[in-house]
Amino acid sequence: MLKRVLITATLILSVSFCMAETWKITSLDWQPYSGSNLANQGNSVQKLRQVLKKANIELIVEFYPWKRAQKLAGEPGYVGYFPAWPEEVSEGFIASDTVDLSELGLITSIKMKPKIKFDSVDELFRKFKIGYIKTYVYPANITAAIKKYPDNVDSAPHERSLMKKASIGRIDAGITDPNVTLFLAEQDSISNIVALDKILEVKPLVVSFRKGSDNVKRLQLLNELLKK
């Protein structure tokens, strides 16, 4: 009798262990951090997946243009969106602790690189034609500089557009994560794009959780897993 009880208990535990919870999130193609065609769907997605695996959680990632990804993530059935800078955590969402790190810096052409010298963000925007990506939410000091110097800025719809503007001299430099632009430049065989050595900020990449009672424990669990 005891043997039968032990076998039954073991089977129940085995079944429970195999029944993983599934988290569905939205993302964007932002190589090398995330991407529908990348191995493991990108470096940051892989890190998140490995963290969740500790709790036997399966991660499903759907890729969309960034604005659509953010909007869709607010619907029931989605946990949230990732990766996001803290500034990109929209109303109705809450940020997790840091899953990975990104850099905020400048890309430019080989020809322009020696000419771009500055001591502050304000000086950078005052002296040079700076490109930015209109769908991104930049830190407050950069957003303020964009508004302060409207004649010295040029918006781009996405990374590839920003890269091409810098490549042909439409802008002196573009403000973005250089790792993304250099990845795309290599893919597109654009050889005159480089990153400035100066990094403006190291940015946390977080999961932007949809606010809701069903997500409270998920957020707490992820933050606990990230501490381990």
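Here are some notes:
- Site pair ASP119 and ASN141 shows an inter-label distance of 1.4 nm when each label is modelled 7 Å from Cα along Cα→Cβ.
- Label-point gap, in nm, between ARG68 and THR22 - each point 7 angstrom along Cα→Cβ: 2.1
- Residue (of GLY169, ILE146, VAL99) at the positive-pole extreme of the stretch 88-228, dipole from beta-carbon charges: GLY169
- Cα-Cα over 27 Å, subset of LYS24/LYS54; LYS47/LYS117; LYS53/LYS134; LYS71/LYS228: LYS47/LYS117; LYS53/LYS134; LYS71/LYS228
- The label-point distance for LYS211 and ILE199, in a model that sets each label 7 Å from Cα toward Cβ, rounds to 3.2 nm.
- Sites GLU75 and LYS228 - FRET efficiency at Förster radius 45 Å, r taken between beta-carbons, to 0.05: 0.90
- Derived scalar couplings between HN and Hα for the stretch 179-185 equal 4, 5, 5, 5, 4, 5, 4 Hz in order, rounded to whole Hz, by the Karplus curve 6.51 cos²θ - 1.76 cosθ + 1.60 (θ = phi - 60°), x for Gly and Pro.
- Computed on the chain, with alpha-carbon pairs under 8 angstrom and 6+ residues apart, the relative contact order is 27 percent.
- Where GluC sites (Glu not before Pro) in DSSP loops with at most 16 other Cβ within 10 Å are excluded, longest remaining stretch of the chain: 92-228
- Full-extension gain in nm, SER36 to SER191, via 0.36 nm per residue minus C-alpha separation: 53.3 nm
- Read-out P(r) over Cα pairs in 5 Å bins from 0, in percent, derived from the coordinates shown; its label in [x] 1, 7, 13, 16, 16, 13, 10, 8, 6, 3, 2, 2, 1, 1, 1, 0, 0; [y] 1, 7, 16, 21, 23, 18, 9, 4, 1, 0; [z] 1, 5, 9, 11, 11, 11, 13, 13, 11, 8, 5, 2, 1, 0: [x]
- Here the sum of -39500 (n - 2.57) over DSSP H runs of 4 or more residues, divided by the residues of the chain, equals -11500 deg cm²/dmol at 222 nm, to the nearest 500.
- Here the 3J(HN,Hα) profile of the stretch 149-161, calculated from phi with Karplus coefficients 6.51, -1.76 and 1.60 at θ = phi - 60°, is 10, x, 7, 10, 10, 9, 8, 10, x, 6, 4, 5, 5 Hz, Gly and Pro shown as x.
Read-outs: derived from the displayed coordinates by stated rules, not from any lab. Source: prediction; values computed, not measured. All Cβ positions, glycine included, derive from the backbone under ideal geometry; neighbour counts span all protein chains shown.
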